[in-house]
Amino acid sequence: MNTLLGEAATDDAMRVIRRLCKHWSHKYEVRIGEEGGEIALPTARVILRAEPGRLRVTLDNPLEAIPPRMAGVVGEHLQRMSGDAAFVVKWEDGASAITRT
């Protein structure tokens, strides 16, 4: 699968996006705008969009499949940046928000 979609319920999506972008800006190329951000990881591009009441996440890699544990890594980081234990990214394929390996 080259694209994976997810979302999390939150009223503070831009704060979470800004925190994750800042957190990963030391290692990866990051862009942030008024409605979201993008992070260029080695194995996927993470596209984050703030919408009313939710944060939408797209993992995209047009050249190859998204690594299986990528959804868990991104979901776990977003949860940590939210500071809310109830924050969970639900992925369209049913992947766990947090995958530990």
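The values are calculated or read from the model by the stated rules, or taken from the named source; none is laboratory data. Keep in mind the model is a prediction, meaning the values are calculated, not measured. Counting neighbours? That spans all protein chains shown, and the Cβs are built from the backbone with ideal geometry, glycine included.
Just a few scattered comments:
- When Glu34 is tested against the conditions (1) in contact with a Gly (Cβ under 8 Å, 6 or more places away or on another chain); (2) part of a loop (DSSP other than H, G, I, E, B); (3) more than 22 Å from Ala85 (Cβ to Cβ), the lone failure is (1).
- Residue in the stretch 62-71 that is within 12 Å of the chain's Cα centre (by Cα) and of a type outside the set (Phe, Trp, Tyr) present: yes
- Sole residue being of a type in the set (A, V, I, L, M, F, W, C) and more than 20 Å from Phe87 (Cβ to Cβ), chosen from Leu59, Leu48, Leu55, Leu63: Leu63
- The condition of being at pLDDT 95 or above and within 14 Å of Trp91 (Cβ to Cβ) holds for Ala8.
- Among the residues of the stretch 1-41, those that are buried (at least 17 other Cβ atoms within 10 Å of the Cβ) and of a type in the set (Gly, Ala, Ser) comprise Gly6, Ala8, Ala13, Gly36, Gly37.
- Qualifying residue in the stretch 9-18 (condition: assigned to a loop (DSSP other than H, G, I, E, B), of a type in the set (A, V, I, L, M, F, W, C) and either at positive phi or touching a Leu at 6+ places or on another chain (Cβ under 9 Å) (or both)): no
- Selection count, the stretch 50-62, where residues are touching a residue at least 12 places away in the same chain (Cβ under 8 Å) and either of a type in the set (Asp, Glu) or out of contact with any Ser or Thr (no Cβ under 8 Å at 6 or more places or on another chain) (or both): 6
- Taking the listed residues Ala44, Ala71, Ala97, Ala50, the one that is surrounded by 12 or more Cβ atoms within 10 Å (Cβ to Cβ) and either in contact with a His (Cβ under 6 Å, 6 or more places away or on another chain) or modelled with pLDDT under 90 (or both) is Ala97, with no other qualifying.
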